[in-house]
Each structure stands twice: as C-alpha cells, then as structure tokens.
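The values are calculated or read from the model by the stated rules, or taken from the named source; none is laboratory data. The shown structure was predicted, so the numbers you read here are calculated from the model rather than taken from an experiment. All Cβ positions, even for glycine, are placed from backbone atoms using ideal geometry, and neighbour counts span all protein chains on display. Note: areas computed on protein heavy atoms with side chains; ligands, DNA, RNA excluded. Shrake-Rupley method; radii C 1.70, N 1.55, O 1.52, S 1.80 Å.
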Amino acid sequence: MTRCSGLLLGIFCLTSCGTSIKLAVPEAFKQQATMQHVSGARGNKMSFANFQTSRIKRGVHILSPGRGGRGFFLENLFLQRIGIQKEETVTNEKTKFRYEIGDGRNTVQVYAHEREIIKKIGYESQNKPNIFTGFEVLMAHNYVFSALIQVDTAQEAKNWEVLMTNVYDREKEHDNNPFTFIKQTDSGLATNGTDTIYINPLSLKKTELSNGKTGKLPFKLMTGYELSTSGGVIAIIDMIDRNIWFYNELDASEKLNVGAIATAIFARKVHDVKW
C-alpha cells in the first residue's frame with residue numbers, strides 16, 4: 001500500500017474576529033483522504049460515517065492534590081524574614097474508561113487508562129499580598145495514556161496497544177526558566193506486535209489571518225494529531241473541529257483501528273484539548 005508522505009501541517013487559519021481557528025490540511029493529503037466529522041466527540045457516545053461507539057463507561061475520576069515529600073525548612077527560615085513561605089505540592093489525577101466501536105460488520109473493545117502527576121513549588125506571602133503571592137514553579141510533569149484495542153475472537157486480527165506520554169523534569173532538563181508551563185505535546189504509538197502506527201502532536205505557531213496577513217503566536221497551539229506508519233501519513237485527527245481524515249487506501253480493518261485510536265483520544269478527560 002502506498003502512503004501519502006512528506007506532509008507539512010504548518011499553517012492554520014485564524015479569522016479576524018479571533019474566535020475561529022481552522023487546521024489547514026495540505027492539499028496533497030486532502031486529495032487522497034476523506035474527512036469524517038465525529039458527532040458526540042468529548043461526550044459519552046460518538047459516531048461518524050458508518051462507525052459508532054457504545055456509551056462510554058467511565059471509572060472513578062480521582063484527583064488528589066496534596067503536599068510533596070520535599071521540605072524547605074532551612075530555606076523557609078530565611079524566607080520568613082521577608083514574609084514568604086515555600087512548599088512543594090503534588091497533584092495526582094487518574095481515571096479509566098471503556099467502550100466498543102464498530103463499523104456495522106466488526107467491533108473492537110477499547111479499554112483505556114490515564115494518569116497525570118504534577119509537582120510544583122509554590123510561594124505564598126505570609127503578610128500583605130506581593131509579587132510572590134500564589135506564584136508557582138513547575139518542577140515535574142508525568143502524563144501517561146494507555147489503551148488496549150481488543151478485537152473480537154472471530155476476527156482474524158491482532159489486538160492493538162496504544163501508549164502516549166508527556167514527561168517533563170526541571171532538574172534533568174536543567175531548565176532555569178521559572179515560567180515554564182505544561183506543554184500539550186503528548187505523543188506515542190500504537191502497535192499490534194507486527195505493525196506500528198506513530199502518533200505525533202500537531203502544535204502550530206504560524207498563523208494566517210483572514211485578511212491574508214501572517215503572524216506568529218507567542219506560543220505553540222495544540223491542534224491535533226498525525227497518525228503515520230513507515231510509509232507515510234494514514235490519518236489526521238483534528239481536535240479543533242473534531243474531525244478524522246482517513247487516507248483513502250486504508251482497508252476496513254485499518255479504518256476501524258484508526259477510528260478506535262481517534263475516539264480514545266477524543267474520550268480523554270485528564271489531558272484533553274478543549275476548544
């Protein structure tokens with residue numbers, strides 16, 4: 001099978017009102033792909049083309065903020081002289097969900113888990129409010145999303161496993177910027193042990209306004225994901241308009257697998273992309 005390779009997804013459109021952003025899919029891929037809008041994306045039931053999910057059953061969504069294990073006793077003895085208190089906080093969030101998705105002929109089961117741990121150092125004023133009040137420095141971030149796509153035993157196909165991560169450690173990266181924030185750059189892959197689909201984020205910075213002028217945002221903007229194999233791009237997940245672009249040469253089984261991966265990404269709650 002020939003794949004459409006070498007895509008440049010580097011431009012999206014921002015209308016003059018500043019409220020509507022469009023992911024610009026390259027013409028080279030558009031001519032060889034079909035776009036399907038996902039109804040119910042972000043909800044508990046999704047459908048597109050001849051695909052439909054069951055109701056998404058979610059487990060308990062646990063969010064547990066608390067103090068970290070690192071103390072700052074000696075530092076706080078000094079900081080207290082200027083009315084500042086320093087402490088580490090750790091937020092642990094996790095959830096899971098499951099559902100099935102079918103194309104009218106075959107069905108697969110999706111079992112997914114999410115977990116995110118965020119460590120920050122916060123500064124609080126002990127006296128009157130000042131520039132340190134509520135100031136936090138990101139120290140570490142660890143996000144893991146995993147999913148099992150389980151095929152029906154009657155199908156001559158293999159199960160797929162999906163793994164996406166987003167990891168940051170200030171000390172290991174020797175980052176001295178106190179204003180570093182959590183970047184939406186989770187990426188990963190899906191594999192059945194033989195074939196592999198790579199999942200990469202589409203984070204764009206170059207903009208094109210409706211009046212034809214171009215500009216740059218002061219930050220990268222998360223817009224979607226590109227799914228590819230060693231032969232090239234096979235699908236694009238548009239997180240803005242909630243669409244899936246399928247490469248036309250995909251067979252029914254491949255479309256079902258891509259649909260399962262895409263709906264699992266749309267169904268996330270811990271580290272989702274909201275528009």
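For the residue pair residue 75 and residue 42, what label-to-label distance in nm results when each label sits 7 Å from Cα along the Cα-to-beta-carbon direction?
Simple spin-label model gives 3.8 nm for this pair.
Which order do the peptides 194-202, 177-185, 253-261 take when ranked by the mean count of other beta-carbon atoms within 10 Å per residue, highest first?
253-261, 194-202, 177-185
So how much slack lies between residue 111 and residue 31, counting 0.36 nm per residue of separation and subtracting their Cα-Cα distance, in nm?
Value of the extension gain: 25.4 nm.
Which order do the peptides 222-232, 52-62 take when ranked by the mean count of other beta-carbon atoms within 10 Å per residue, highest first?
222-232, 52-62
How do 158, 86 rank by accessible surface area computed with a 1.4 Å probe, from largest to smallest?
Ranked from most to least accessible, the order is 158, 86.
Using the structure shown, list the pairs from 119/172; 57/120; 57/119; 57/158; 86/120 with a Cα-Cα distance above 20 Å, or answer none.
57/120; 57/119; 57/158
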